[in-house]
Each structure stands twice: as C-alpha cells, then as structure tokens.
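Structure first, commentary second.
The values are calculated or read from the model by the stated rules, or taken from the named source; none is laboratory data. Bear in mind that the values here come from a model prediction, so they are computed numbers and not experimental data. Counting neighbours? That spans all protein chains shown, and the Cβs are built from the backbone with ideal geometry, glycine included. We work out accessible area using only protein heavy atoms, side chains counted, and drop any ligands, DNA or RNA first. Shrake-Rupley method; radii C 1.70, N 1.55, O 1.52, S 1.80 Å.
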Amino acid sequence: MHINPERSDRPDYALLERQVESVLEGERSLIANAAQFSALVYDTLADLNWAGFYFTVAARKGEGQDLLVGPFQGKPACARIAFGRGVCGTSAVEGKTIVVADVHAFPGHIACDSASNSEIVIPLIKDGAVLGVFDIDSPVLNRFSEEDRAGLERMVAAFLDGTDFS
Ligand code: SME
C-alpha cells in the first residue's frame, strides 16, 4: 500500500491552499486542473475512498439541471445525479457545503461505493452560478470536522480562482 508520509488527520490547510495554487500554476484548463486538484486532495488527506468533481449540465429529459461526473479519484461512481438528489444534488440546489457525519442517516443519500460512511460536498460557485460540486467520501464515520470544512472550502476557492470554466 502506498503511504504518503505527509498524510495527516490534522492537515495544514494554509499549506494545502498554497499547494493548490502551485499545482495549478500556468494552466487554467478545467479538465486538467480538476484532475490535478482531485489527485492532490486524495493523496494528501487521510482516510478517503473517493474525491472528485461533478459538473452542472442540462438534464437529458425535461427541464432542470444534472450533475455529471468529472475528474475523480476512487472507484467508478454514479455518472449523473439530478439537482436536488443525494448529498451532491442537495449541495448544488442550496449552494452550500454539506457535511454528513453518517451517510446512512442522510435521507436520499446515493451510495456509489459501499465503503463510504461520511461525506463532504462543497459547491463550485462562480459569479453566483453553481457550476458543480466537489465531493469527498470517507470510510470513517464523522471524518470531516469544522476545520476540514473551512480548509477544504479554501482549497476549492483557490481551484476556482485558478480555473476557467468556459
Ligand atoms: N454519495 C453522493 C453521490 C456521489 S458519490 O458518493 C461519488 C450523494 O449522495 O450525492
């Protein structure tokens, strides 16, 4: 098993924010930056089984919007999630970060990987529009603290600053 000696339960989020800027420097492409960002998160934080993006797209049928899977690390996941469904769709509709201590207790949670026990979903908001979400799953119950939420929101903000969506 690969063990990253920098992995920690109490990561230095100020340092991680600078690492996001450094990894994305000189490149603003969405797919490239999203791939790099998900790899950085997955490789640096302890006890994760999935970390990646869903991007906002038009729904295939009828009206409304879906979330379509983008670059990620972990097992293959659900490709498409309707706005309003699951933790990801709820975060997208509300435009707010959602921390779920026990996914089995979250009504409508979508189980992509049975190893997941807790989850954090951070919306990607630029100029008031929800462009997608960044989703992180953990096999550990109650994995994501208030410190993790604040730190991951800073990392996502650095990703958004360094990336073009058009
Ligand atoms: N559990 C998520 C679905 C995405 S996967 O975990 C990768 C949800 O309920 O929205």
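With labels modelled as points extended 7 Å from the Cα through the Cβ direction, what inter-label distance (nm, one decimal) is found for LEU68 paired with LYS126?
In this crude label model, LEU68 to LYS126 measures out at 1.6 nm.
I want to check the label-to-label distance for GLU147 and ASP102. Put each point 7 Å from Cα in the C-beta direction and report it in nm to one decimal.
Each label point is offset 7 Å from its Cα along the Cβ direction, giving 2.4 nm.
Can you tell me the dipole magnitude for region 19-166 around its Cα centre, using point charges on the Cβ only (Lys, Arg +1; Asp, Glu -1), in Debye to the nearest 20?
540
Relative contact order of the chain: what whole-number percent is it, with Cα pairs under 8 angstrom and at least 6 residues apart?
The value is 25 percent.
How far, in nm, would the chain grow between PHE165 and TYR13 when pulled straight, counting 0.36 nm per residue and subtracting the alpha carbon separation?
Stretched fully, the PHE165-TYR13 segment lengthens by 52.3 nm.
Can you compute 3J(HN,Hα) from phi for each residue in region 81-98, using the Karplus curve 6.51 cos²θ - 1.76 cosθ + 1.60 with θ = phi - 60°, rounded to whole Hz and x for Gly and Pro?
For region 81-98, the Karplus curve yields 10, 5, 3, x, 9, x, 6, 5, x, 5, 4, 5, 5, 7, x, 9, 5, 10 Hz.
Hey, can you grab everything whose amide H is under 5 Å from the amide H of HIS109? Only 5+ residues off in sequence or another chain; H modelled, so Pro and N-termini drop out.
Hits under the 5 Å cutoff: none.
Could you name the lysines in cross-link range of LYS126, using Cα to Cα under 21 Å and dropping any fewer than eight places away on the same chain?
LYS96
Scan region 59-94 for trypsin sites (Lys or Arg not before Pro) in coil per DSSP, keeping those whose Cβ has at most 11 other Cβ atoms within 10 Å, and list them by number.
ARG60, LYS61
Please list the non-local residues whose amide H lies under 5 Å from the amide H of GLY70, H modeled 1.01 Å from N, same-chain partners needing a gap of 5 or more.
PHE53, TYR54, PHE55
For region 27-161, just run the numbers: alpha carbon Rg, then divide by 2.2 N^0.38 Å, N being how many residues it has.
Compactness ratio reported: 0.96.
So what is the accessible area of the chain per residue, in Å², with the probe set to 1.4 Å?
50
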